[in-house]
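Below is one structure, written out as structure tokens, with a few remarks after it.
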Amino acid sequence: FPYTTLFRSGTFLSGNYGFVSVDGIALLPRAVADGAGNTFVAYTRFGEISVPHVGIQFTSDVFVIEVSADGTRIVFDTHVSGGITTTLALDARGNIYVAGEGGYGSGTGFIVKLSPDGSILYATQISALPLAAATDAAGDLYLTGTAAADFKTTSGAYKTAIGPARCTDGSGAAIACSDAFVAKISGKDGGVVYATFLGGTADDSGLAIAVDAGGSAVVAGQTQSPDFPATQGAFQPAYGGGINTATQAGGDGFAARLDPTGRTLVYATFLGGSNIDCATGVVLDQNQNAYLTGSTASPDFPVTAGAFQRTYGGAGDAFFLKLNPRGEAVFSSYLGGPTAEPSTGIAIGASNRFYLSILSSQAPRNSDSVLDLEPHPPTPCDPRIAILSIDSDSGQIVDHYALRSFGLEEFGPGSLSVDGFGIVHIAGGAFTSALGNSFAVTPNAISNGYGYGPSFLARIDFSAKEEFAPACMVNGASFDSLNVSVAPGQI
């Protein structure tokens with residue numbers, strides 16, 4: 001595919017707005033675009049204070065900013081609460097919902113609602129860790145994540161207790177299990193409308209959620225439970241496997257739909273093969289079809305005939321698939337080459353398109369092979385993030401755009417969103433200040449990226465075409481580890 005999609009704007013959100021790392025865990029900003037093209041970003045700001053007779057204590061605080069549609073200014077910057085943000089959502093009226101963990105290891109989640117101008121309307125707690133959020137047409141909030149046995153469910157919910165648990169640690173000792181949960185929260189006052197567990201007898205976690213026009217929630221995540229309640233007739237009713245017995249990590253992805261009351265499971269399906277799989281994103285169209293993405297290490301992940309990529313690329317691929325309202329597969333495909341290409345985001349757009357973002361050092365091509373063009377050491381010309389436009393009926397990739405950077409470890413996308421004009425917004429973390437030399441920062445941007453740990457925000461217009469395609473030129477000899485006889489000075 002030619003690099004002709006229009007890059008509308010790009011900026012860094014340097015300093016406190018950006019990427020942070022705690023104990024090796026990357027916490028990336030979450031961003032959602034509204035109908036007017038503005039972007040709302042939730043991020044965690046870490047610091048430290050000196051406490052007398054105690055020593056240095058680390059602090060974490062959650063902030064929300066609004067970035068103007070042209071990427072040139074911050075409209076507001078609101079301190080939300082102490083804690084760590086994990087998810088962000090907007091309702092149809094422009095109200096903002098932020099959720100996360102209430103502090104270091106607190107085990108209690110928080111929910112905060114803000115008005116469109118950034119003023120806090122209410123704050124409440126939830127006895128679980130929310131990891132994903134969505135809103136319905138009435139402005140109510142839906143959450144999923146992980147919950148322990150003390151999670152407070154509502155009467156008549158689909159699953160009111162966590163049930164018998166058979167989890168062990170690496171030594172084989174019994175430990176407490178966690179379930180996924182689904183909760184509907186009133187947009188008016190933060191009250192719980194319904195709350196239910198979702199899972200089997202091992203660890204389960206909800207990682208993504210979407211809601212249709214009727215208030216039916218579709219949840220995606222990961223399960224280690226062979227008895228996860230998959231329904232007959234769904235895409236994959238049997239557990240594929242894939243638990244690392246030493247670390248207890250892994251399992252299958254899953255997708256599940258609840259009815260609007262939270263009392264009935266409409267469908268549930270595993271998503272995985274014999275190795276480790278995880279579903280990380282879900283969006284819905286107007287016909288209640290669900291589009292999902294995630295990552296797989298399984299060479300036998302279930303794909304469909306005619307898929308964009310039918311064979312496993314190796315080292316960990318992304319996947320994407322479409323389920324109809326009954327949980328049956330319309331299409332399912334790998335997406336990856338010989339290096340790891342995890343999926344990082346999914347969004348629904350107009351003109352019968354949905355969008356994926358993946359971490360990739362290669363450009364996609366339509367074949368039964370993989371995404372790589374040819375093996376080579378990394379150069380400044382290699383893309384780091386690929387944003388793919390996919391036809392919603394056929395599951396074929398029809399266009400893509402690549403964000404480039406120095407090296408392969410410097411970009412970490414955190415979220416993907418589409419605004420009311422059909423423009424794709426992508427946000428994430430930047431691991432080094434070197435990106436200020438290579439990322440396409442547009443005129444009058446908020447920041448050029450210099451300084452430790454900035455995040456980035458970019459807007460891509462797939463409906464417009466550039467007359468000049470961004471390109472790159474390097475000295476080939478500098479990157480010639482394959483001995484292809486490129487002499488110094490040649491290009």
Charge dipole (debye, nearest 20) of segment 106-241; +1 at Cβ of Lys and Arg, -1 at Cβ of Asp and Glu: 160
Peptide ranges 51-58, 228-235 listed from the most packed, as the mean C-beta count within 10 angstrom indicates: 228-235, 51-58
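Among the listed pairs K184/K322; K113/K188; K152/K184; K113/K184, give every one whose C-alpha distance is greater than 21 Å.
Working: K184/K322 24 Å; K113/K188 9 Å; K152/K184 13 Å; K113/K184 14 Å.
From the list (K184/K322; K113/K188; K152/K184; K113/K184), the Cα-Cα distance tops 21 Å for K184/K322.
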Residue-span extension gain [R310 to D117] - 0.36 nm each, minus C-alpha spacing: 64.8 nm
Pair Q396, A137: separation of 7 Å Cα→Cβ label points (nm): 3.4
Accessible area in the full protein assembly, largest first, 1.4 Å probe, for Y401, Y312: Y312, Y401
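The values are calculated or read from the model by the stated rules, or taken from the named source; none is laboratory data. Just so it is clear, the structure is predicted and the values come from calculations on it, not from any experiment. Positions of Cβ are backbone-derived with ideal geometry, glycine not excepted, and every protein chain shown enters the neighbour counts. Please note that ligands, DNA and RNA were not included when accessible areas were found on the heavy atoms of the full protein model with its side chains. Shrake-Rupley method; radii C 1.70, N 1.55, O 1.52, S 1.80 Å.
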